[in-house]
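Written out below as structure tokens is the structure these notes cover.
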Amino acid sequence: MILLVFSMIVLPSSSPGVKAYSDHPNLFVSSENSIFGNHISGPMITEVVVREDNTQLDQAIGQPNVSINGKHLLMAQGSDGNWYAFFANTDSAKQADQAALSGSSGQSIDFGVFCSSSTTSSVLGVDVSQTDGVAIPDSAGLSGTTQGTAGFNSCSGTPTTPSSQNNVIRNPPSLNSNPKVPSGQIGINQNVWPMIQLFTLSNNVHIEYDRSTGTQSVDLDYSDIPNISISLDRTQYPSGSDVFATIDDAELGIDPTSQDSWTFNVGSTPATFYQAFAESGKSASGSGLVNLIPYLSSLGFKDNGKLSMDTSDVVNLKTNSVQTSTSLSGGYNKLVTFVETGPHTGIFESSIAGVSTIGILSNAPRSHAGSITYNLQSTSIVSGTTAASLNVGSGQSQFGPGQKETITLVDNDQNINSNLIDQLDVFRSSAKIPTLKIGNPITLSSSSGVTFYNSTKSISVPSTVFDANSLRLIIDTRSQSMPNFQKITLNLGISAQSLKDLFIDTSQPNSNGTNWVNYDLRSFQQQLGITSFSSTSMTLYFGSVGSSPVTIVTPGEIVSGNGLLQISNSAISSINSMSSSLPVFLEINFNTSGKISNPRDTQPIVFDLFSFGIHNNQQVNNAIYRAELQETSPNSGIFSGTIEYAVINQLNQFDPALIKGLKTFGSNIKFLINTELTDANAIHFSILGAQSGTSTTVTSQHNLPTSTGTVTLDSSNYRIGSDVTITVTDPDLVTDSNTIISYPSVNDPGSQADDTVGDNNGNILLEVWIKGFRFQHCTINGVSYGGLAATGFTLTETGPGTGIFKGVFKMPSWICSEDKTALISPVGGNVQAWYHDFRDAYGRSVIVGSTVAVPAKTQPTITNQPVPKITMPMISTSTQISDQSGRPLLQSPHVGQTINFKSMLSNIYQNSQEISYIVQIKDSSGKVVFLKWSQNNLVNLSTTNEEISWVPTLPGIYSAEIYVWNGMNSLVPLVDQNQYKLQVLP
């Protein structure tokens, strides 16, 4: 219904796009409004507009013949070619102007000054004899004008430029001032415009336009306004939220050309003010305001025009861009301002630009209520909380790498503003942030002693961590003032030992990785005037502020209000040199000036310390991620974002570029894992919520498995010059779901990964063997011959996030021999690919041999054939090859190095099974150089690990064959033989 009304409401009179109803398309009357049954009352001013096709401004045109209850209504032509008039009820206009006399001229409902109907056209420029009189902007150049309820006099003199006491037509259309025609086409004096024509109105008001093609008319009803109401946007409000109240009352719409505003004092001294705060945000002076409550009855108001509230311990009265102050002089300090949604709509809202003057206290007790009353209609404002829910994806228990899943938070308590799309920003103190913590990063959870400094003094301010989930420090400067502050310090509440336990010192044995600062200082940018962070530094002190400094962020590193920055290895070494028991302090020096000036909100900040890599051969992953979700639509209470993760591999596990690609803040979170996180180690994505009024943590738990990769060849045989296509399928290799990932081959003779897909540090991802050894380069008689790298072979993902990687090289005519001393033909040999899977489905590092992809074939339909019985295997096996420390064997071993063959054997049958676990090693000639087995009895539905070790004594190429038999007596295989190629270096 409201949308229909809006479609029929005309634009402001100054707009060339004025519309009218279909049965009177050329006649527009501002008070025509189906919501209120075309009723007008009190001092409402009605605008009448006639629009014709002939809008010439430079030729004389007769004015349209318009009447009101049979009396001629003067119409003046505007600069847009349309014709305009304004009228009001005589007595109500006088009463309104009388009320305005008790305040300042030109404020409240000031109609200007009055002239009687006997005023001659030589004064006003037009004949007003058919009116009761007229209201004009002011008395400049005139005598005989009256104000208030005094009887009208005939005015005399020559109107001069007015100072405009009129405050009830604030946006009038400009008159046609073309010098070829009289002013406004009717000769009206420009200085008496806008002119309000006054008539005695009662009940039916008939406006008629006598047009050459027929009569067009509108009927109004001058009596009490129907359908007056007050409503709220919802029935229950979370703490800190906005309350959007709406008053429907046409009588409040005095000015048909502008949005009217009404301000009510709901304190101990009730008051009603017209235009105390204008749309521009300017407020009238206190002495100029008029409390209209004593005048409402004489103005034609009944029970409307007055608003009262019981704020109780629930309601918070506040400001917005229109009502810029919470008080007015005269003891009015509980103000609520309503602004019309548009000229002459009669619909008034407590908000502008999505910010209401009514809100809920941040500490409002659950289920308590205040109330708001207008026109004897009262409605309750109830505080309350609702239970939150948090899900990733469709609620599944796990999701994999390379998958961008949707985060969905349903939390109506964070639906603070029903008119806007709410954003859960880290820098907004009232926001509760969905958070994922992995490992044990250091945060500000134990910090205290926040101090601000300028060049002459320091001030200490309170701080707290109210949300133990997102672990932001809330700094409270609301009652503080300090110009030109440049830095802050605080006690981190930890010892140097905590930093030593967290950070990875790469100078120590069996340790490698990176350390990071994760920060968010946007609240200082939003509220405290820090406009740039480019010169900001961060320094740790040990023992006390100023003592034993270690700079962890230098000027020039920070480019925005939040981010992730690497800490240098030299800083880590300095930290490790500190006495373990010393307390740790943080200094953030902005090296620019900020300003504390009693801000209205607190300032949340984030300072975290992360580490990723290996420490004493143990995997390290310490980080925290905060999702800044966005509401899906205004008032939905549903917040959304995305989340994904990357899995480390042997090529990127120590690469800072991988860490820099993480997203620790924002609506699209990306985090890192270094092994499978399932069951007891599953991640917990959580948010602080409420249940029955009590704070609780709402958690979404998910398993993050790693995947067992596969490698396939596109054919079982190749001709010289034909393409060899290798496909590796492993979602763990996807480090960014939006990007096609590539892994190039290594062309570095000094690296053990030369002529493989790997890196210069000797880490191998994929090897290609031809004729039983690596496809490698060599130099013979001074001539270089290329291997895999020379072909430009690269594993490239088939599309963003697919986890399928393909590489192609052409089968060469000649290859380098195993010892690189000759060129030999590849004819008669096999092509094999070996994928070094850093994390299989069990979280282990394994080497996977290639198989040949079998293309799908169309099979003929076979009818009347018995369905073969499928026998389920009794034993399943998974093998890992590792060194003497149990680490995965990702590089070629050396002579004398222990090689372990460890297999996980699972009996998935209902009966117990005797097993023999056999490892046989053959050299390149096929000779068996090692054979060993173990025996066990595997009970039904159980798993065991069998391990056999071998120490090679000579370099060369070896084949390792692993068998699982039904005992050494029967020699019946229980699983297929597994075979692995090993190159043993000197």
(request) Find the residue count for the range 233-283, including only residues that are out of contact with any His (no Cβ under 7 Å at 6 or more places or on another chain) and either assigned by TED's automatic domain parsing to the domain that holds Thr46 or in a loop (DSSP other than H, G, I, E, B) (or both). (result) 29
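This table checks each residue for (1) touching a helix residue (DSSP H, G or I) at 6+ places or on another chain (Cβ under 9 Å); (2) of a type outside the set (Phe, Trp, Tyr); (3) buried (at least 20 other Cβ atoms within 10 Å of the Cβ); (4) within 30 Å of Thr337 (Cβ to Cβ).
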{"residue": "Gly141", "(1), (2), (3), (4)": "yes, yes, no, no"}
{"residue": "Thr145", "(1), (2), (3), (4)": "no, yes, yes, no"}
{"residue": "Asn153", "(1), (2), (3), (4)": "no, yes, no, no"}
{"residue": "Ile188", "(1), (2), (3), (4)": "yes, yes, yes, no"}
{"residue": "Tyr209", "(1), (2), (3), (4)": "no, no, yes, no"}
{"residue": "Pro226", "(1), (2), (3), (4)": "yes, yes, no, yes"}
{"residue": "Ser229", "(1), (2), (3), (4)": "no, yes, no, yes"}
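Test of understanding: among Val465, Val461, Val450, which residue is at pLDDT below 95, among the aliphatic types (A, V, I, L, M) and surrounded by 17 or more Cβ atoms within 10 Å (Cβ to Cβ)?
Details: Val461 fails: at pLDDT below 95; Val450 fails: at pLDDT below 95.
Answer to the selection: Val465.
Restricting the search to the range 57-80, which residues are of a type outside the set (A, V, I, L, M) and part of a loop (DSSP other than H, G, I, E, B)?
Asp58, Gln59, Gly62, Gln63, Pro64, Asn69, Gly70, Ser79, Asp80, listed by residue number.
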(message) So, Asp736, is that one surrounded by fewer than 21 Cβ atoms within 10 Å (Cβ to Cβ), within 30 Å of Lys404 (Cα to Cα) and touching an Asp or Glu at 6+ places or on another chain (Cβ under 9 Å) or not?
(response) yes
(message) Considering only the range 963-970, I want to know if a residue exists there that is in contact with a strand residue (DSSP E or B) (Cβ under 9 Å, 6 or more places away or on another chain), of a type in the set (A, V, I, L, M, F, W, C) and within 19 Å of His836 (Cβ to Cβ).
(response) no
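In this structure, does Asn65 turn out to be surrounded by fewer than 23 Cβ atoms within 10 Å (Cβ to Cβ), modelled with pLDDT of 95 or more and of a type outside the set (Ser, Thr, Tyr)? Show your work before the answer.
Details: surrounded by fewer than 23 Cβ atoms within 10 Å (Cβ to Cβ): yes; modelled with pLDDT of 95 or more: yes; of a type outside the set (Ser, Thr, Tyr): yes.
So Asn65 passes the test.
Give me a count of the residues in the range 581-601 that are among the basic types (Lys, Arg) and touching a strand residue (DSSP E or B) at 6+ places or on another chain (Cβ under 6 Å).
Going residue by residue through the range 581-601, those that are among the basic types (Lys, Arg) are 595, 600.
After this cut, where a residue has to be touching a strand residue (DSSP E or B) at 6+ places or on another chain (Cβ under 6 Å) as well, the list is 595.
So the count comes out to 1.
How many of the residues in the range 210-219 are within 55 Å of the chain's Cα centre (by Cα) and not polar (S, T, N, Q)?
At the first step, the residues of the range 210-219 found to be within 55 Å of the chain's Cα centre (by Cα) are 216-219.
Next cut, not polar (S, T, N, Q) only: 218-219.
So the answer is 2.
For the subset of the range 73-95 comprising residues that are of a type in the set (Phe, Trp, Tyr) and in contact with a Ser or Thr (Cβ under 9 Å, 6 or more places away or on another chain), which member is nearest to His39 (Cα to Cα)? Break it down into steps so the answer makes sense when it comes.
So the first thing to find is which residues in the range 73-95 are of a type in the set (Phe, Trp, Tyr), and the list is 83-84, 86-87.
After this cut, where a residue has to be in contact with a Ser or Thr (Cβ under 9 Å, 6 or more places away or on another chain) as well, the list is 84, 86-87.
Details: Tyr84: 21, Phe86: 16, Phe87: 15 Å.
Filtering the range 73-95 for residues that are of a type in the set (Phe, Trp, Tyr) and in contact with a Ser or Thr (Cβ under 9 Å, 6 or more places away or on another chain), the one nearest to His39 (Cα to Cα) comes out as Phe87.
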(message) So the check is Cβ under 6 Å with 6+ separation or different chains; which pairs have a first residue in the range 176-194 that's among the basic types (Lys, Arg) and a second one that's in a loop (DSSP other than H, G, I, E, B) and modelled with pLDDT under 95?
(response) Lys180/Asp58
(message) Quick check on the range 33-54: of everything there that is of a type in the set (A, V, I, L, M, F, W, C) and more than 17 Å from Pro172 (Cα to Cα), which residue is surrounded by the fewest Cβ atoms within 10 Å (Cβ to Cβ)?
(response) Ile35
(message) Can you list the strands (runs of 3 or more DSSP E) lying wholly within the range 486-577 that have 3 or more residues being over 18 Å from Leu444 (Cα atoms) and either under 35 Å from the mean Cα position of the chain (by Cα) or in the same structural domain as Ser463 (by TED's automatic domain parsing) (or both)?
(response) 512-520
(request) List every residue pair whose Cβ atoms lie under 8 Å apart, where the two residues are 6 or more positions apart in sequence or sit on different chains, the first residue falls within the range 648-676 and is within 21 Å of Gly393 (Cβ to Cβ), and the second residue, located anywhere, is assigned to a helix (DSSP H, G or I) and of a type in the set (A, V, I, L, M). (result) Leu672/Leu658; Leu672/Ile659
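Is it the case that some residue within the range 378-394 is among the aliphatic types (A, V, I, L, M), touching a strand residue (DSSP E or B) at 6+ places or on another chain (Cβ under 9 Å) and surrounded by fewer than 16 Cβ atoms within 10 Å (Cβ to Cβ)?
If we filter the range 378-394 for residues that are among the aliphatic types (A, V, I, L, M), which is where we start, we get 381-382, 387-388, 390, 392.
Those left that are additionally touching a strand residue (DSSP E or B) at 6+ places or on another chain (Cβ under 9 Å): 381-382, 387-388, 390, 392.
Now restrict to residues that are surrounded by fewer than 16 Cβ atoms within 10 Å (Cβ to Cβ): 387.
Yes: the range 378-394 contains one or more residues that are among the aliphatic types (A, V, I, L, M), touching a strand residue (DSSP E or B) at 6+ places or on another chain (Cβ under 9 Å) and surrounded by fewer than 16 Cβ atoms within 10 Å (Cβ to Cβ).
Pick out the one residue from Ser850, Ser825 that is exposed (fewer than 14 other Cβ atoms within 10 Å of the Cβ) and either among the polar types (S, T, N, Q) or modelled with pLDDT of 95 or more (or both). Give the steps one after another, and end with the answer.
Values: Ser850 fails: exposed (fewer than 14 other Cβ atoms within 10 Å of the Cβ).
Unique residue meeting the criteria: Ser825.
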(request) Scan the range 244-263 for residues that are closer than 27 Å to Ile416 by Cα, of a type outside the set (Gly, Ala, Ser) and touching a Ser or Thr at 6+ places or on another chain (Cβ under 6 Å) and jot them down. (result) Phe244, Thr246, Asp248, Thr263
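Somewhere in the range 81-96, is a residue assigned to a loop (DSSP other than H, G, I, E, B) and not acidic (Asp, Glu)?
Going residue by residue through the range 81-96, those that are assigned to a loop (DSSP other than H, G, I, E, B) are 81-82.
Now drop any that are not not acidic (Asp, Glu), which leaves 81-82.
Within the range 81-96, one or more residues are assigned to a loop (DSSP other than H, G, I, E, B) and not acidic (Asp, Glu).
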(request) Test Thr477 against the criterion of being more than 29 Å from Gly613 (Cβ to Cβ), assigned to a strand (DSSP E or B), in contact (Cβ under 8 Å) with a residue 12 or more places away in the chain and among the hydroxyl-bearing types (Ser, Thr, Tyr), and give yes or no. (result) no
(message) Take Leu220 and tell me if it is under 27 Å from Thr120 (Cβ atoms), assigned to a strand (DSSP E or B) and among the aliphatic types (A, V, I, L, M).
(response) no
(request) Would you check which residues across the range 507-522 are more than 21 Å from Phe585 (Cα to Cα), of a type in the set (Ser, Thr, Tyr) and modelled with pLDDT of 95 or more and list them? (result) Thr514
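Give the residue, chosen from Ser117, Ser129, Ser154, Ser143, that is outside the structural domain of Leu296 (by TED's automatic domain parsing), more than 30 Å from Gly62 (Cβ to Cβ) and in contact (Cβ under 8 Å) with a residue 12 or more places away in the chain. Talk me through it step by step, then tell me what you get.
Details: Ser117 fails: more than 30 Å from Gly62 (Cβ to Cβ); Ser129 fails: more than 30 Å from Gly62 (Cβ to Cβ); Ser154 fails: more than 30 Å from Gly62 (Cβ to Cβ).
Unique residue meeting the criteria: Ser143.
The values are calculated or read from the model by the stated rules, or taken from the named source; none is laboratory data. Quick caveat: nothing in here was measured; it's all calculated off a predicted structure. Note: ideal-geometry Cβ built from the backbone for every residue, glycine included; neighbour counts use all protein chains shown.
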